[in-house]
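Worksheet for the structure shown next.
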Amino acid sequence: MTRKHTILRNMSAVTTAEPFGFGAAARSFAPPEIGLETEDLTPDARRDLARDPQVLGIAPVMSTKLIAPVQQAAAAAGADETWGIAAVGADRSEYNGEGVTVAVLDTGIDNSHPAFQGVTLVEEDFSGSGNGDVNGHGTHCAGTIFGRDVDGKRIGIARGVNRALIGKVLGDDGRGDSDMIFRAIQWAVDGNADVVSMSLGFDFPGLVDDLVGQEYPADLATSWALEAYRGNLRMFDALMEMTKARLAFHSGAVVVAAAGNESKRDRHPDWEISASLPAAADGVVSVGALARSADRYSVAVFSNTLPQISAPGVDILSAKTGGGLVSYNGTSMACPHVAGIAALWWHAIRSNSGVPARAPTVLAKLLATARPGVFAPNTDVADRGVGLVTAP
């Protein structure tokens with residue numbers, strides 16, 4: 001039986017053709033070249049392909065979906081719905097992300113929204129549904145990262161960002177697949193993105209349901225979905241390792257992803273789910289969501305556990321497709337806060353000579369300056385990570 005797979009190759013790992021080369025890999029003095037292919041493979045063909053020294057990863061194509069906003073009680077009348085700006089200290093920072101390129105991999109963007117006036121938006125559709133944002137999720141996330149003020153209200157963290165790569169990896173129905181994401185990450189890295197933001201997740205339960213719908217026994221469907229999930233995790237790790245290998249030639253990118261909204265602490269305190277792909281991949285900064293709690297912050301009841309860092313994710317006001325503003329809740333809303341702060345750190349580091357302006361430096365600053373002492377009593381460190389992300 002054949003299944004669609006994504007294949008990751010290191011196109012720089014060519015072998016020597018000279019008589020005494022013994023098939024050794026030729027030394028390359030150029031950035032590693034990422035090659036992605038999609039093929040229908042049988043199990044035997046997959047095993048044969050895995051022996052190719054150029055092949056770094058093979059993963060079954062797996063369905064993905066946006067991390068949908070969570071319904072919560074409305075904010076109190078008169079509440080400041082842009083509270084996240086002050087919570088992360090963006091309103092007090094002297095940096096605004098000028099000169100930083102941000103990639104948003106989501107449902108696209110409403111490029112006519114006033115929040116994005118003056119920003120060069122480079123759009124690429126990987127979903128097959130065309131550029132633009134019917135869903136509204138990507139527009140909201142982009143607004144939090146770099147949106148300009150709307151009707152006198154600040155919604156954006158890094159308002160100096162003037163170039164953004166908008167990769168549409170989720171269709172108008174909010175669904176996509178892993179191959180779209182891998183190709184979009186390659187596109188963003190090749191486009192010299194400094195920050196990559198992803199508020200989406202791999203749909204493990206959905207894959208199980210699809211297989212059961214094809215008359216697979218439930219246990220076999222679960223087993224095959226687990227194999228697909230594991231393969232995609234390893235593919236992500238290999239792709240991030242390839243991206244890291246380019247640091248000798250480029251400054252690199254900080255990749256940020258939402259941890260997920262599947263926990264149900266409102267029903268039982270122990271009903272927590274760990275961060276899912278892509279947030280669970282090595283080299284990706286996973287982000288949990290926070291809510292306001294008196295003069296402290298609490299972990300949102302829906303936020304998946306084991307994030308690396310946390311940010312505001314409840315009652316977050318940002319750009320709405322078609323114009324105006326709308327408030328959403330979710331780790332999808334927390335992730336762009338961290339992406340925006342990463343842009344500020346890129347600006348800060350580049351403004352101070354003597355400090356290497358590279359992705360590892362930005363990541364170190366991002367994690368080292370997070371505030372751990374701002375949470376409600378008895379907040380589990382496993383639920384909030386190193387602390388609340390904080391602007392330079």
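Within region 155-169, track down each residue that is of a type outside the set (Gly, Ala, Ser) and either assigned to a strand (DSSP E or B) or more than 13 Å from the chain's Cα centre (by Cα) (or both). Within region 155-169, Ile155, Ile157, Arg159, Val161, Asn162, Arg163, Leu165, Ile166, Lys168 qualify. Flag not set for Arg230, criterion: among the charged types (D, E, K, R) and touching a residue at least 40 places away in the same chain (Cβ under 8 Å). Once region 170-217 is narrowed to residues that are open to solvent by 60 Å² or more (accessible area, probe 1.4 Å) and assigned to a helix (DSSP H, G or I), the residue that is nearest to Leu247 (Cα to Cα) is Asp190.
Where residues in region 68-93 are of a type in the set (Val, Ile, Thr) and over 28 Å from Asp173 (Cβ atoms), which of them is modelled with the lowest pLDDT? Selected residue: Thr82.
Any idea which residue in region 112-140 is surrounded by the fewest Cβ atoms within 10 Å (Cβ to Cβ), counting only those that are assigned to a loop (DSSP other than H, G, I, E, B) and in contact with a helix residue (DSSP H, G or I) (Cβ under 9 Å, 6 or more places away or on another chain)? Outline the logic, then answer.
The first filter runs over region 112-140 and keeps only residues assigned to a loop (DSSP other than H, G, I, E, B), leaving 112-113, 117-119, 126-136.
When the remaining residues are screened for being in contact with a helix residue (DSSP H, G or I) (Cβ under 9 Å, 6 or more places away or on another chain), the result is 113, 119, 126-128, 133.
On the way: His113: 22, Val119: 20, Phe126: 20, Ser127: 21, Gly128: 9, Asp133: 26.
Among residues in region 112-140 that are assigned to a loop (DSSP other than H, G, I, E, B) and in contact with a helix residue (DSSP H, G or I) (Cβ under 9 Å, 6 or more places away or on another chain), the one surrounded by the fewest Cβ atoms within 10 Å (Cβ to Cβ) is Gly128.
Filter region 223-263 for residues that are in contact with an Asp or Glu (Cβ under 8 Å, 6 or more places away or on another chain) and either part of a helix (DSSP H, G or I) or closer than 24 Å to Ala382 by Cα (or both); which is modelled with the highest pLDDT? Only one residue fits best here, namely Val254.
Taking region 356-389, which residues are open to solvent by less than 20 Å² (accessible area, probe 1.4 Å), among the β-branched types (Val, Ile, Thr) and more than 15 Å from Asp194 (Cβ to Cβ)? Val389, the sole residue that qualifies. Of everything listed in (1) open to solvent by less than 60 Å² (accessible area, probe 1.4 Å); (2) over 27 Å from Ala300 (Cα atoms); (3) within 15 Å of the chain's Cα centre (by Cα), the single unmet condition for Ala221 is (3). Residues being under 24 Å from Val195 (Cα atoms), modelled with pLDDT under 90 and either more than 26 Å from the chain's Cα centre (by Cα) or buried (at least 22 other Cβ atoms within 10 Å of the Cβ) (or both) are represented in region 58-67 by at least one member. Take Val150 and decide whether it is modelled with pLDDT of 95 or more, under 25 Å from Ile185 (Cβ atoms) and not small (Gly, Ala, Ser). Spelling it out, it is not the case that Val150 is modelled with pLDDT of 95 or more, under 25 Å from Ile185 (Cβ atoms) and not small (Gly, Ala, Ser). Look at region 269-283: where a residue is farther than 26 Å from Val196 by Cβ and a partner is buried (at least 19 other Cβ atoms within 10 Å of the Cβ) and small (Gly, Ala, Ser), sitting 6+ places away or on another chain with Cβ atoms under 8 Å, you get Trp271/Ser263; Glu272/Ser263. The numbered conditions (1) surrounded by 20 or more Cβ atoms within 10 Å (Cβ to Cβ); (2) closer than 24 Å to Val196 by Cβ are all true for Tyr297 except (2). With respect to being among the acidic types (Asp, Glu), farther than 30 Å from Thr331 by Cβ, at pLDDT below 85 and within 27 Å of the chain's Cα centre (by Cα), Glu33 fits the description.
Only one of Lys244, Lys264 is in contact (Cβ under 8 Å) with a residue 12 or more places away in the chain, surrounded by fewer than 21 Cβ atoms within 10 Å (Cβ to Cβ) and more than 23 Å from Leu36 (Cα to Cα); which? If you could, list the steps in order and put the result at the bottom.
On the way: Lys244 fails: more than 23 Å from Leu36 (Cα to Cα).
When all the criteria are applied, what remains is Lys264.
Only residues that are touching a residue at least 40 places away in the same chain (Cβ under 8 Å) and surrounded by fewer than 24 Cβ atoms within 10 Å (Cβ to Cβ) were counted across region 141-158, and they come to 4. When Gly324, Gly283, Gly330, Gly288 are screened for being over 18 Å from the mean Cα position of the chain (by Cα) and not aromatic (Phe, Trp, Tyr), only Gly324 passes. The set of residues in region 313-330 being open to solvent by 30 Å² or more (accessible area, probe 1.4 Å) and in contact with a Leu (Cβ under 8 Å, 6 or more places away or on another chain) consists of Leu325, Val326, Ser327.
The values are calculated or read from the model by the stated rules, or taken from the named source; none is laboratory data. Given the structure is predicted, the values throughout are model-derived calculations rather than measurements. Here Cβ is always computed from backbone atoms with ideal geometry, including for glycine, and neighbour counts include all displayed protein chains. Keep in mind that these areas ignore ligands, DNA and RNA; they rest on the heavy atoms of the full protein, side chains included. Shrake-Rupley method; radii C 1.70, N 1.55, O 1.52, S 1.80 Å.
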